[in-house]
Amino acid sequence: MSQQLENIEDVLKAHKLSLADYDHIKQILDGREPNIVELGIFSAMWSEHCSYKSSKKYLNGFPTKAPWVIQGPGENAGVIDIGEGMAAVFKMESHNHPSFIEPFQGAATGVGGILRDVFTMGARPVANLNALRFGDVEGSSDVSRYQRHLVKGVVDGIGSYGNCMGVPTIGGEMGFDASYNGNILVNAFALGLVKSDEIFLGLAEGTGNPVMYVGSKTGRDGLGGAVMSSDSFTEESKSLRPTVQVGDPFTEKLLLEACLELFQTDHVVGIQDMGAAGLTSSAFEMAGRSGSGMIMHLDRVPAREEGMTPYDFMLSESQERMLLCAKKGSEQEIIDIFEKWDLDAAVVGEVTDTGMMELFWHGDRCAYMPIDPVSEEAPILDRPTKRPAYLDEVNSKTVESYPEVSEQEAFEKLIASTEVVDKAWVYNQYDSMVQTNTVKAPGSLDASSIRVKENGKALSMSSDCNPRYCYIDPFKGAALAVIESGRNVAMSGAQPLAITDCLNFGNPENPEVMWQFAQACEGIKEACLELDTPVVSGNVSLYNETNGESVFPTPTIAMVGLNEDENRILPSQFQKEGNQILLLGTTTGEFGGSLYLKTLFGETAGSLAEIDYTQELRLWELVIKANKEGLLASAKDVNVGGIAIAVAKMAAVSGLGASVQVSLDKSRDIFDESQSRALLEVAPKDVEAVARLAIDLGLKIEAIGSVGGESMQVNAVKMPMDQLHTIYFDTFARVIDQDI
C-alpha cells in the first residue's frame, strides 16, 4: 500500500471531496486512510457526474416500464421492442463543460461516447441527433464573436466524428439565449438497432472469468474529466483543457466493427464503455451490477505514454476503449479479433467472488476497496430548495403588458430570428444519408425518420426543449418538452413510445436551481405517465454556470416512436398546390415564454396555461390514424411562433405558397403558442373524412386556407415566396459567418 496522504485538506479540495466524505471513506475502508489511487477512485465515483448525488432523489420516481421496454435506466443505454425480433437502443448525454473549454474535441468526444454507449449494448448505431444551446451569436461584441467561434467548433466536431463513423446525423435542435453566454450546452443522442435476443449488458460475473481491455491505448488525456464536469466555471476554466478528451473516430469505427464481430461469437459475458471516469467507472459498475469482485493488474493496460501511474490508468478518460468480461478460455480468440482490426487487446484481470476491487502494479497491491459501497454509498444529498425570487415578477406579466406591434412587423422579425430560420449551415456539414435509411432528414421539419430494413417499419425521433418555458415554469416547461417531442414524432405518423433525457441545470448548491430541477423532474414524471412514454435512459448535467450565472433550466427530451409502415412516413411540409390546410386544436392566446415576447421585447416572461393531456393524446391519435388511412398529405405541429411561423416554415421548405385566414380573438394570436395544435394538409376529397375523425375524437378542426400561390399569407401578414425563401435559408449563414 502507498503511504498515508499528506496535506489532506488540499488533496481533498483538489478531488472535490469534503471532510465528511473523507470520514465516510475511512469507514468503508475499515478505519484506515486511503492512498492516492483509492482517493482518486472515490473522487470520480462520487462526483456529481458519476453518482448523481444531488439529483438521484428526484430521478427515482421516473416511470420506466411498459410492455415495449426491454431495458430501462441503469445500463449503457435504454432498449425498446420494435417488433419482429428487433429492438431500438438509444440514449442522450451531455458534453457541455468539455465543449465550452475545447469546442471541437468536446463535441466530437460527446458523439463518440454516446455511440459507444449504444454499440456496447450489441447494437449497430444508425442515427444521431444533437441538441445545442449557445449564447448571443448576433452582433459585434466579444461575447457574440466568441459564441460564433463555439458554434463553428462544436458543429465541426460533431460532423467530423459522426461522418467518420458512418452514422447519419438525421436531425436535432439549436437554440440561442444570453443565459448560455458563459456555458453552452452540447447534448448528443444516438440510436442503434439490434436483434432482441442479442443484447449485451455491462456485467462482470463468473469467478475466474478474464477481464479484458480492448481498443485504444491509455494516455493522460481526459484525466479528471468527470470531476471537472461536476463544478462551475470561472475565468480560469480554460486552463482545464487537459481534462478534455481527444477523440479518434477512425479508431472508434474499428472498435465498433471489432465489437460487432465479437458479439457474433459466444465469448462475451458482459461489456462496458469506458466513458466518464474511464477504467474506474467501467470496472466498478460491471462488478457492482453482478455482485462480484475483481482483480486488475494495471501494468498490463496498454499505455501510449511513458511514466504513467496507477492513478493515471484508473482516472484517464482516453477515448475509444472498452472493458469486457470474457468466458474463460476464449482470451486468445478475442485478442485475435481485435488485432485483426489493429486494436489493442489485453487480459488485465479476472472476476472474483470477494466483492472487493484489488488493483496491482507490477505485483504490488496498490488499492483494495469494497466494490458495492464505492458504487452505492456516494452521499445522496438532500439539497435545500427555494422557489426563485424572479418568478413573481416574470409570471405577473402578460402580453398586454407590452406595446402593440403590427402583425407584419412582428412577422418579419420572428421569421428572421435565429431560433426560427433554417440551420442548413449546420446540418449540411453532417452526413445525413449514409447507410441509405434516412427518410425525413434535417431541415424537413418536426421529427426525423429512418426506415428499419429488417422489419419494414420506421422509427421517428425528435429532440426538444423550450428553455423559456422552463425558466418561467420549470414543472410545466419540462412536461411540455416531453409533449413537444412526442407531438413532433406523431406528426410523422409514428406512435411515440419512450424518451431519453438530458437534464441541464445550473449550480445545485443554489437552492433556486435545485428547486428548478426538482420541479422539472416532477413535470417529466407527470407527462411521461399521462402520455405512456416511459424514461428508458438519460443523463444529468449540473453546474452549468459561470461566475455565478446559471443557464436557463434545460431538460432536453428525445422521444422515439414507431411507424408500422416505412412507406407511411408523413412529411411536414406542403406537398401539392390546391390542397386544403386545416387547423387542428384550439387557439387561446398564450404568450408566456413565447418567441413573440423574446424577439420583440427581449423578455422571457408570462405564465403557462394548464396542460390538457387528453387533448394532446387525441391530437396524436388523429394524425396517426388519418396517416394510416392515407388521408393526410402533410402535418406540422404549431408551436414556437404560432400559426404564422408554422405556415411560413411549411411554405419555405416546400417552395409552395399558402393563403390562410384564421378566426382569432386578437390579431396577434397568429403568433400565440397554445399547445395541442397542428396544421394538416389534406386533399380536397379527404377533408370531410378528416373532419369526421376530429369530431369523433372531440377535437376542434377548422379549414383555414389552401396551398399555392406566389406568396405566403396568414391573415394580415403577407410575404412573397422569394423573399421568404431568402430570409429563411440565408439568414443563419450570414449571422455565423459575419467575422469572415
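If the condition is being open to solvent by 10 Å² or more (accessible area, probe 1.4 Å) and either of a type in the set (Gly, Ala, Ser) or in contact with a Pro (Cβ under 8 Å, 6 or more places away or on another chain) (or both), then segment 134-155 contributes Gly139, Ser140, Ser141, His149, Lys152, Gly153.
Taken together, Val374, Val394 contain a single residue that is at pLDDT below 95 and within 33 Å of the chain's Cα centre (by Cα), which is Val374. Here Ile727, Ile736, Ile695, Ile670 are screened, and the one residue that is open to solvent by 40 Å² or more (accessible area, probe 1.4 Å), among the hydrophobic types (A, V, I, L, M, F, W, C) and under 27 Å from Glu484 (Cβ atoms) is Ile695. Would you call Glu702 outside any helix (DSSP H, G or I), open to solvent by less than 30 Å² (accessible area, probe 1.4 Å) and either in contact with a Leu (Cβ under 8 Å, 6 or more places away or on another chain) or over 26 Å from Glu138 (Cα atoms) (or both)? It is false that Glu702 is outside any helix (DSSP H, G or I), open to solvent by less than 30 Å² (accessible area, probe 1.4 Å) and either in contact with a Leu (Cβ under 8 Å, 6 or more places away or on another chain) or over 26 Å from Glu138 (Cα atoms) (or both). When Arg220, Arg241 are screened for being part of a helix (DSSP H, G or I), at pLDDT below 90 and open to solvent by 40 Å² or more (accessible area, probe 1.4 Å), only Arg241 passes.
Quick check, is Gly113 surrounded by fewer than 24 Cβ atoms within 10 Å (Cβ to Cβ), within 18 Å of the chain's Cα centre (by Cα) and part of a helix (DSSP H, G or I)? No, not satisfied.
Just to be sure before I move on: is Asn504 surrounded by 24 or more Cβ atoms within 10 Å (Cβ to Cβ), at pLDDT 95 or above and under 23 Å from Asn60 (Cβ atoms) in the structure I sent? So Asn504 passes the test.
Residue by residue, here is whether (1) touching a Phe, Trp or Tyr at 6+ places or on another chain (Cβ under 6 Å); (2) in contact (Cβ under 8 Å) with a residue 24 or more places away in the chain; (3) under 21 Å from Asn466 (Cα atoms); (4) of a type in the set (Asp, Glu) holds:
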site	(1), (2), (3), (4)
Ala107	no, yes, no, no
Ile114	no, yes, no, no
Gly135	yes, yes, yes, no
Gly159	yes, yes, no, no
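Cβ-Cβ contacts under 7 Å between residues 6 or more apart (or on different chains), taken from a first residue in segment 658-679 that is more than 23 Å from Glu710 (Cβ to Cβ) to a second residue that is of a type in the set (Lys, Arg) and open to solvent by 10 Å² or more (accessible area, probe 1.4 Å), are listed as Ala678/Lys636. Taken together, the criteria exclude Val653 from residues that are open to solvent by less than 40 Å² (accessible area, probe 1.4 Å), of a type in the set (A, V, I, L, M), touching a residue at least 60 places away in the same chain (Cβ under 8 Å) and under 18 Å from Lys413 (Cβ atoms).
Screening Ala626, Ala646 for residues that are over 19 Å from Ser711 (Cα atoms), at pLDDT 95 or above and either of a type in the set (Gly, Ala, Ser) or touching a Lys or Arg at 6+ places or on another chain (Cβ under 9 Å) (or both) leaves exactly one candidate, Ala626. Taken as a whole, the condition of being among the aliphatic types (A, V, I, L, M) and in a helix (DSSP H, G or I) applies to Ala527.
With the requirement that a residue be in contact with a strand residue (DSSP E or B) (Cβ under 6 Å, 6 or more places away or on another chain) and free of Cβ contacts under 8 Å to residues at least 24 places away in the same chain, what does segment 694-740 give you? Matches in segment 694-740: Pro720 only.
Rundown of residues vs (1) of a type in the set (Val, Ile, Thr); (2) in a loop (DSSP other than H, G, I, E, B), yes/no style:
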position	(1), (2)
Glu261	no, no
Ile271	yes, no
Met294	no, no
Gly307	no, yes
Ile335	yes, no
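Listed by position, the strands (runs of 3 or more DSSP E) enclosed by segment 1-110 that each have at least 1 residues that are of a type in the set (Gly, Ala, Ser) and surrounded by fewer than 21 Cβ atoms within 10 Å (Cβ to Cβ) are 78-83.
Run down Ile611, Ile569 and say which single residue is closer than 24 Å to Phe189 by Cβ and in contact (Cβ under 8 Å) with a residue 12 or more places away in the chain. Matching residue, one of Ile611, Ile569: Ile569.
For the condition crowded, with 24+ Cβ neighbours inside 10 Å, within 23 Å of Val374 (Cα to Cα) and modelled with pLDDT of 95 or more, Met294 qualifies.
The values are calculated or read from the model by the stated rules, or taken from the named source; none is laboratory data. Computed from a prediction, not measured in an experiment: that's the story for all the values here. Every residue, glycine among them, receives a Cβ derived from its backbone with ideal geometry; neighbour counts consider all protein chains shown. What goes into the accessible areas is simple: the full protein's heavy atoms, side chains included, and nothing from ligands, DNA or RNA. Shrake-Rupley method; radii C 1.70, N 1.55, O 1.52, S 1.80 Å.
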